[in-house]
1. Over the Cα atoms of region B:81-189, compute the convex hull volume and normalise it per residue, giving Å³.
2. Which of the three applies to region B:45-300, rounded, prolate or oblate, going by the alpha-carbon gyration tensor with a ≥ b ≥ c and a/c under 1.5 meaning rounded?
3. According to the Cα gyration tensor, what semi-axes, each the square root of 5 times an eigenvalue, does the equivalent ellipsoid of region A:358-411 have, listed from largest to smallest in whole Å?
4. If you count, for each residue, the other Cβ atoms within 10 Å and average over each peptide, how do A:53-60, A:9-16 line up from highest to lowest?
5. At residue C:50, label 7 Å along Cα→Cβ: distances to the other copies, nm, ascending?
6. Over the Cα atoms of region B:168-260, what is the Rg over Rh ratio if Rh follows Kirkwood?
7. In the calculated pair distance distribution of region D:76-155, what percentage of Cα-Cα distances lie above 16 Å?
8. If you count, for every residue in A:223-235, the Cβ atoms of partner chains within 10 Å of its Cβ, what is the mean?
Ligand SMILES: Cc1ncc(COP(=O)(O)O)c(C=O)c1O
Ligand SMILES: Cc1ncc(COP(=O)(O)O)c(C=O)c1O
């Protein structure tokens, strides 16, 4: 069924206990991984194992449990550095989510490196978490917020992109690496080339992209990259930010507290070295341990196999759904991944989602935290099926049959 | 062994799998709960169970898994409201830690309700997480930071407290409810009475207090209360903030992103109702489920029994440690709980901690993220033993014997 | 092809009222009007009311954009509130809301038994807490109209 | 009372040098000096060096406040660096640091075998990664002194 010889989706499904559940007596067909992915046994066991056998607060614990827990927690930094090919583990900042990563950059870099009058450039297909922090920065700090339009195909309008950078006022381009609504990959290397030529730094929101495609921050040449753990088969409550060391070093801290200081007096505090400067308080210890297990699991399968599998799934899904009368697939970018938004004539996306749920099929419906994109598309909402490494061709067939039935129901 | 008839510490210990570990062939004696507590089976199972059988992203999922996960996640808000007797579940803001809670208030309330020239009053025995955010606010926003001194016994100097409030400039008192170094409880009701009379709002850092003593925010009369999950036998990566509804409603959001908005256009966004306004992005879903299990477990035993047990432990520990020549217990507040900092003549606290660790005993040593307090005490560091509901009298005896041995070793 | 698994929630009544609402028009002559907006879903509704001389509701009409559930709910509402006093209407809303939240239709609803029976097809919504607001959006707008407010709240 | 369980890490050498350091004094005549500060632990050290005419280290002295491990390490260091060139000293620090990080004393250390043997009592520190900086603080200060910098870094 899949292009890659080593990849056996049925064996992989056995690593995810939840997938054997049934919903309303029907096999559970989970097509909502883009919102949050399910967790493999390796993650569940790593977290359980920590709580059962090896747990204490980390950093300067001086006792066995603390030293060992520090080692197992801090290992996630090396694992993330490997995953994205960061030059150094010290450039990996652990946050509580990608939303926290983006806010960290907007607050800290935004209020220090960007001067009032400079601009931040985002795109017309951003998730709210890459819009709202910049609006808040705009209103508090007087920067301008520019939006690069997208084409009717759902791709970044690169002509407009160049134009928007032309006056040299843009200090930072913050753009999604893959749309969570359209599945579009943005042309990351080109974005970086053009932006750098115009004197702007570049950050990618990799929440979706990193799940599906190998990310190499050095090859991309970008300045910031961030992602979130729970979409990468890891636990909630953890995310990451990578940035070049000299940028991190120039940034003031975002939150204050324990672990981010070098020394504290009431008059003045001095900050710990990066990345700790940005990590105030007890970190997400169990989540770090879980995320490391997730990334290890993921890397053992490998992007090559995963990407091939998901490409095959996406093609199959587009073919099957396009065949159903009344179904419109939203977005038709050249370079796209396993996120498919669609509408059904005469049926509201919420009704479609609920009626799919009656058949055991989980999809998301709504604006997908991308309201401005919805306005651009002239829609209130879409239904959205998203694929993970455990998704099968059969599940897509089940979706297609269910949609055919719903279509008849609404006729 | 313990004062409360219903409380059986041996049975309770069986709920914590990690406690049956040995370290270097010796029984594991964990006296570092004040840094982070161990997790009962109930928490481990709740998190595992969610990942194995019931997990999806929450809020507006429209499908079975999402609706059920939303219910189990959102239940933590009711549980916390019950725990601290909050008037409404909508006043409970879920954060990633108490450090995040304190920073939220410093950023959002600090920059909106407090005007440059006004003051924030903290105490001389605060944790860094209740110092540094205010220093950052001071430097960014021009407020004054006042510090209420502590007495030689390690209590809040209430005369000074009144004096510091006398000029009416203090807009917010932010003070620990229990010192993580001295074990001192601060006189919360009195603090609130005096502060309110002087026109100041009051926030308590309840990170330590809530683990040991029943907290009733309505009886205390305070305006903000916050705590952290991992010290309350719950997972890392989650904390909470309670504040009066009208205060929360008046506060601008701290972080921007999904879930905290009502609607978004590129020009302007509007915020969701409280508490969601302060909860940007995918929440700590698994951690919420785990924290609810922790609080349920804790409440089933009950503060009455736990407090009685810990009081007996503390008295026993003070008696045993005071008997050892060369050991000084730091702080002798009238109203104190199960946190005991001590020094040993001629031995550095780090050496003491390491030598205790060689005997399987986990204590913390250092400045305990309270450097200014250390300066006040004229110390660089202390060793610190902290007790949880699973701590036994025998473990304290083991500590006392080990200290006696170390004392001889250093003589 | 069997529709049974779909029909349990989307019963004929809902599909029917959702697609061909009886009262889905603006009243030409009305006393009060109010809007409801659920930005999360993109659902929007406007309600128009005409009072009888005794201040009971003489007629109700609406225009709505949204899912089948929100439109069917608006239409069934317009049906059952006719002839009711404002106080009566609010009591009915409370009972209806309890029903769609809990999935339990009150047994001894007295005067409200009849209209609740008509609204019962919406009871299945309780399985989807995040769609309860679809079912109540029109009611919130109605409440606003009765109170002379322009914009209703939502759940 | 047996001290065996304590002795494996806090060997006689460490306790001895930690409590009665041989070189724990400021040099009256010196060429360079530098400080080391570990604010996390409150450990502080200052190093004084006197060079021989060939620029090898003729004498080293220190004043320190801190734990037994940091003081013993400073004292053992002052002992083993005498007679060494700056380059030699840095190579020794690298080998020492590797040893306290990994717990493995390099087998074929050539010229460094002798001094490493003397430093070996500190090897047990590897079990406590957060105390490695206690064992290396004096070395960082020494490196700073050799480079003519006033303040050493820490791990
Ligand atoms: C009194 C007090 N406040 C705040 C904190 C910070 O908690 P966290 O590290 O979970 O943010 C702690 C614990 O470290 C504490 O003891
Ligand atoms: C493209 C994109 N960016 C950001 C986010 C926000 O992630 P989180 O909710 O984990 O902070 C998401 C997911 O919701 C996303 O798809």
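Nothing in this text is a laboratory measurement; each read-out follows from the coordinates by a stated rule. This is a predicted model, so every value here is computed, not measured. Every residue, glycine as well, gets a Cβ built from its backbone with ideal geometry; the counts of neighbours run over all protein chains shown.
1. Numbers: hull volume 13.2 nm³, N = 109.
Cα-based convex hull of region B:81-189, divided per residue, equals 121 Å³.
2. Working: a/c = 2.34, a/b = 1.46, b/c = 1.60.
Since a/c reaches 1.5 but b/c is at least a/b, the shape of region B:45-300 is classed as oblate.
3. Details: eigenvalues 107, 56, 14 Å².
Over the Cα atoms of region A:358-411, the ellipsoid semi-axes are 23, 17, 8 Å.
4. Details: A:53-60: 22.2, A:9-16: 15.8.
In descending order of packing, they fall as A:53-60, A:9-16.
5. Label-point separations across copies, in nm and ascending: 11.1.
6. Working: Rg = 14.3 Å, Rh = 14.4 Å.
A ratio of 0.99.
7. Values: 1482 of 3160 pairs.
Value for region D:76-155 (Cα pairs over 16 Å): 47 percent.
8. Values: counts 0, 0, 0, 0, 0, 2, 2, 7, 2, 0, 0, 0, 9.
Partner Cβ neighbours, averaged per residue: 2.
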